[in-house]
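Engineer: Starting off with a structure, shown below.
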Amino acid sequence: MKDKKIDIIVSGDICVNVHQWRTKRQYSSGYNWQSFPQFRQNVKSGAALLLAKLVALSTGASVHSPQIPDTDNFLPKELLRSTLEVDTFPTNINKKHPTSVYRVAHFLGFTGPDSGSPALLLVTDDTADAELVILDDNNDGFNNHEEFWPLALKTPGATPIIIYKTNNPTSSNPLWQRIENFHLNNTVVVIYGDDLRSKGVNISKGLSWEKTALDFVWQINNNPHLAFLAKSRHLIIPLGLEGAIYYANDGLTAESRLFFMTSEFEGGLIQEAQGKMYGLASCFAAGLAHSIVAGLSIQEDLGRSIEEGIREGIVAAQKYYNFGFGANIDASEFPNPATFIEGDDDLIYKEQIQDVPIRNSNNPNCRACWYIIKDKSTTGLSEIAYDIVKSGEKTALKFMPTARFGNLITVDRTEIEGYHSIKNLILEYISAKNSVRPLSIAVFGTPGSGKSFGVTEVASSVAPELIQKLIFNLSQLQSLADLIAAFHKVRDLSLEGKIPLVFFDEFDSANDGNLGWLKFFLAPMQDGVFREGDSLHPVGKAIFVFAGGTSSTFKEFCGETIQDETEYKDFFKQFQSAKGPDFVSRLRGYVNILGPNQTDEQWDHLFIIRRAMLLRSLLERKAAHLINSVGQAQIDDGVLRALLKAPKFKHESRSMEAILEMSSLANAKKWEQAHLPSKEQLKLHVDEEQFSRHLMHDAFFSEKIETLAIDLHSKYLLLREDTHNSSCLRPWDELDEERKDSVRNLAKHIPGALRKTNYDVIAVKEKPEAIKFSDKELQILAEYEHKRWSLEKKETGWKHCDILNEQTKTHPWLIPWDNLTASSQSKIIESIKFWPDILADSHFAIERLKSMCYCEAQGLVR
């Protein structure tokens, strides 16, 4: 954009950055000084000076800001200086042959005046008529010196849009008080998430987008230290380079929206090996400014400009980081103008930044059951699951948050948070230089849920060349001597310079009593030593992973799932006797691994997604020939349905793998029902009767289409017998084939319609009790059915007219749902109410797919 008509003021704290770097230049003259390490330096703009340059690049508008003389010349003593050591780092460490750019290796510190505040500067060519004012408040004096504030901020009646970027949110400084009293409605506050955390605001980082977002909402609603920020009309919390939260408050209600990358989590893009960069928040603010300036030119609502600006800010900050100071720090232009120009080689585009409203509820159960995948999906979870198997998770989950750890991919928030916690622990442990004890982690899950695979992939994603896996199954050890021998193997591997990843499988198995092994781990876990006779041996640096064999969750292991008080007391007495509390106190983390079975009918909604991802993975690894050249899995719908909808796999993921391996697929081009193992073999892994019902569901339903269509028509006659004279009101046997086909099509589409409200149709032996739809469900189903019916009519030549005429094929209902009269909408809704009864009469039950939590169903969240 090159709009010179819009005046932008940028001001704030003043700082310059002194870069120092080591050179590899070779000298031939042989002076003494040339035999020592060689350093060079230059000076670059920082704080408000850098922000002004970035805003000028992003907007192309006229930017008025403080100016200092040529930074390569003498700098005034009062000017704040930051000294940094820079070095070359890979632009992107994920590339096989990465290019290198200069970034910050170490922040060495600040040089300021001996006394008083650092120097501040007036805005050059300041104007009170500026449309946009951008303030950089780093708490270095600007917020207390009104004489340096822009005129548009101080002039009575001036109403500029203000972007207030700060790293020290407080209600006590005069600058904030001025904004709050005179400019709050037009101010956009920008505070990085890490700056909030540094002030003691408890917002989780990098566990899951849901948790970070919900933590923020709770803090802004309940933390008294943030009460002044809660008054903000527009508040943006950038979360690293990967996301942001937009809090909008119109004075009556407040809503928050999360913007996020689907394949990354906060902090994931900047790794220690890639160096650091100052100015990321300034670059984000410049991207935001670009969108706001564009919105001003067309008088766009500020909220809409902000939402677009958040996307632009995230993309710009990532590009700014990737460019660094350039490949040649002397010759490269900084900041790089390409930061705000969309290029063909960009790693990310603003259209890839997803957004979703954040739950606004203090109900802890509701907070725990919020999944972005459900809010972002326009279809039911079963439809997503089918798409994952058929097309792969990359296509099916393009707009959903996913986490990848090596070969492990998960979308389940519970698993994502658990795995990220483990990853963070391992990263910290590996980085610590003086660790004297092992890192102890517990992993729980049902047999076959993939406990070993999950943690191994997480550890391998951190340090694949350093970590080496060892497995010991405690249920197979005979005595303490066997365990000591295991400790020696761990020690030997540690002495080789490796970090052993030691799995103690079934650590909760019996050995001279329940949990009999626990007491032998206390000393190695606490002190990093194990005893052999009279000798103590150091274990060395190692990661202990205790995989449960009898408890499927941490709470179950600790007895927290026991409801009866007397039973719990008995349990806890035995738990104490076995040193259970001492063992738990030495753990530094745990994760509950969720397998393909549903763990809880009320809260575990994503089991079908986990099944789908496991099944797709099995096909890719064990039957790759069933996936065609465009990535489509060749699998019969009935087989797919049975595998995804079976109530339970007896041995979790092992059973799914076994069914695949027992199927006759060696020369198959498609996994057909005929390739499945016999019922006797299926019986080892699933309830074969239920599996068969799901397998044959489509056939069962097809057989009933005629009966369902006749019943639907009879209900239609009851509803419309007094409305108008039409051939549609004749008995079924007197209808023409076009009308019969229309009703048959409705019957065929009922299962698909029900999936829009997270219901499924299941064939049952006995006539089930018919359910009743809620008003919300009826509304969704009626709108969906009207849209389907309208499309069918238009495809057969019908058009809209205020009068129904079967000869000319015109109908008054061929308009969008919202344009229908209330009476017409009511008639469609009434016809939907009959569906459960009609299905029940044909022995079809309507089963909820559990993708809506209790809080949603009761309308307790917004």
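The values are calculated or read from the model by the stated rules, or taken from the named source; none is laboratory data. Since the model is a prediction, treat every value here as computed from it, not as a measurement. Quick reminder, even Gly has a Cβ in these numbers, built from the backbone with ideal geometry, and neighbours come from all protein chains shown. Accessible surface is based on the protein model in full, side chains and every heavy atom, while ligands, DNA and RNA are left aside. Shrake-Rupley method; radii C 1.70, N 1.55, O 1.52, S 1.80 Å.
Engineer: Scan segment 28-59 residue by residue and report those that are closer than 30 Å to Gly12 by Cα, polar (S, T, N, Q) and assigned to a helix (DSSP H, G or I).
Structural biologist: Within segment 28-59, Ser58, Thr59 meet the criteria.
Engineer: Does Glu300 qualify as being touching a Phe, Trp or Tyr at 6+ places or on another chain (Cβ under 7 Å), modelled with pLDDT of 90 or more, of a type outside the set (Ser, Thr, Tyr) and open to solvent by 50 Å² or more (accessible area, probe 1.4 Å)?
Structural biologist: When the stated conditions are applied, Glu300 does not pass them.
Engineer: When segment 472-517 is examined, which residues are found to be among the aliphatic types (A, V, I, L, M), closer than 20 Å to Thr446 by Cα and either part of a helix (DSSP H, G or I) or open to solvent by 60 Å² or more (accessible area, probe 1.4 Å) (or both)? Please lay out each step first, then the result.
Structural biologist: Filtering segment 472-517 for residues among the aliphatic types (A, V, I, L, M) gives 474, 477, 480-481, 483-486, 490, 493, 495, 499, 501-502, 510, 515.
Next, only the ones that are closer than 20 Å to Thr446 by Cα stay: 474, 502, 510, 515.
Listed by number, the residues that qualify are Leu474, Ala510.
Engineer: Please determine whether any residue of segment 642-653 is buried (at least 21 other Cβ atoms within 10 Å of the Cβ), hydroxyl-bearing (Ser, Thr, Tyr) and assigned to a helix (DSSP H, G or I).
Structural biologist: yes
Engineer: Could you give every pair whose Cβ atoms fall below 7 Å, whose first residue belongs to segment 240-265 and is closer than 19 Å to Asp215 by Cβ and among the acidic types (Asp, Glu), and whose second residue is open to solvent by 30 Å² or more (accessible area, probe 1.4 Å) and part of a strand (DSSP E or B), counting only separations of at least 6 or pairs across chains?
Structural biologist: Glu255/Ala248; Glu255/Pro357
Engineer: OK, next. Among the residues of segment 257-269, is any part of a helix (DSSP H, G or I), touching a strand residue (DSSP E or B) at 6+ places or on another chain (Cβ under 9 Å) and open to solvent by less than 30 Å² (accessible area, probe 1.4 Å)?
Structural biologist: No, that holds for no residue.
Engineer: While we're here: Look through segment 819-862, keep the residues that are touching an Asp or Glu at 6+ places or on another chain (Cβ under 6 Å) and of a type in the set (A, V, I, L, M), and return whichever of them is modelled with the lowest pLDDT.
Structural biologist: Taking the candidates together, the pick is Leu849.
Engineer: Same structure again: Of everything in segment 181-193 that's assigned to a helix (DSSP H, G or I) and open to solvent by less than 50 Å² (accessible area, probe 1.4 Å), which residue is nearest to Asn138 (Cα to Cα)?
Structural biologist: Looking at residues that are assigned to a helix (DSSP H, G or I) and open to solvent by less than 50 Å² (accessible area, probe 1.4 Å), I get Gly193.
Engineer: Restricting to segment 196-211, and then to whatever is among the charged types (D, E, K, R) and surrounded by fewer than 17 Cβ atoms within 10 Å (Cβ to Cβ), can you tell me which residue is farthest from Glu264 (Cα to Cα)?
Structural biologist: My answer is Lys199.
Engineer: How many residues are open to solvent by 30 Å² or more (accessible area, probe 1.4 Å), part of a loop (DSSP other than H, G, I, E, B) and more than 28 Å from Ile310 (Cβ to Cβ) if we restrict to segment 129-171?
Structural biologist: Here the count works out to 4.
Engineer: Given the conditions (1) free of Cβ contacts under 8 Å to residues at least 12 places away in the same chain; (2) over 22 Å from Val584 (Cβ atoms); (3) hydrophobic (A, V, I, L, M, F, W, C), and given that Ala510 satisfies all but one, which numbered condition is not satisfied?
Structural biologist: Exception for Ala510: condition (2).
Engineer: Within segment 755-782, restricting attention to residues that are in contact with an Asp or Glu (Cβ under 7 Å, 6 or more places away or on another chain) and open to solvent by less than 40 Å² (accessible area, probe 1.4 Å), which residue is farthest from Asp375 (Cα to Cα)?
Structural biologist: Ala770
Engineer: Of the conditions (1) surrounded by fewer than 11 Cβ atoms within 10 Å (Cβ to Cβ); (2) assigned to a loop (DSSP other than H, G, I, E, B); (3) not β-branched (Val, Ile, Thr), Ser823 satisfies every one except a single condition; which number is it?
Structural biologist: Answer for Ser823: the failing condition is (2).
Engineer: Could I ask something else about it? Which condition number in (1) exposed (fewer than 14 other Cβ atoms within 10 Å of the Cβ); (2) assigned to a helix (DSSP H, G or I) is the one that Gln681 fails?
Structural biologist: It fails just one condition, (1).
Engineer: Still on this structure: Of the residues Arg621, Arg616, which is under 23 Å from Ser663 (Cβ atoms), open to solvent by 70 Å² or more (accessible area, probe 1.4 Å) and outside any loop (DSSP other than H, G, I, E, B)?
Structural biologist: The match here is Arg621.
Engineer: Just give me the residues in segment 521-539 being more than 16 Å from Phe583 (Cα to Cα) and either buried (at least 21 other Cβ atoms within 10 Å of the Cβ) or at pLDDT 95 or above (or both), in sequence order.
Structural biologist: The one that is more than 16 Å from Phe583 (Cα to Cα) and either buried (at least 21 other Cβ atoms within 10 Å of the Cβ) or at pLDDT 95 or above (or both): Val539.
Engineer: I'm trying to understand the selection: among the residues of segment 93-128, which are modelled with pLDDT of 90 or more, acidic (Asp, Glu) and open to solvent by 60 Å² or more (accessible area, probe 1.4 Å)?
Structural biologist: Asp125
Engineer: Output the residues belonging to segment 308-364 that are among the polar types (S, T, N, Q) and within 25 Å of Lys211 (Cβ to Cβ).
Structural biologist: Within segment 308-364, Gln318, Gln352, Gln354, Asn360, Ser361, Asn362, Asn363 meet the criteria.
Engineer: I'd like to verify a number: residues in segment 447-458 that are at negative phi, in contact with an Asp or Glu (Cβ under 9 Å, 6 or more places away or on another chain) and surrounded by fewer than 23 Cβ atoms within 10 Å (Cβ to Cβ), how many?
Structural biologist: So the answer is 2.
Engineer: Among the residues of segment 584-591, are any among the β-branched types (Val, Ile, Thr) and open to solvent by 20 Å² or more (accessible area, probe 1.4 Å)?
Structural biologist: Yes - at least one qualifying residue is present in segment 584-591.
Engineer: Out of all the residues in segment 270-289, which are in a loop (DSSP other than H, G, I, E, B) and of a type in the set (S, T, N, Q)?
Structural biologist: Gln271
Engineer: Glu785 - would you say it is part of a helix (DSSP H, G or I), within 23 Å of Ser823 (Cα to Cα) and not hydrophobic (A, V, I, L, M, F, W, C)?
Structural biologist: Details: part of a helix (DSSP H, G or I): yes; within 23 Å of Ser823 (Cα to Cα): yes; not hydrophobic (A, V, I, L, M, F, W, C): yes.
Considered against the rule, which asks whether it is part of a helix (DSSP H, G or I), within 23 Å of Ser823 (Cα to Cα) and not hydrophobic (A, V, I, L, M, F, W, C), Glu785 comes out as yes.
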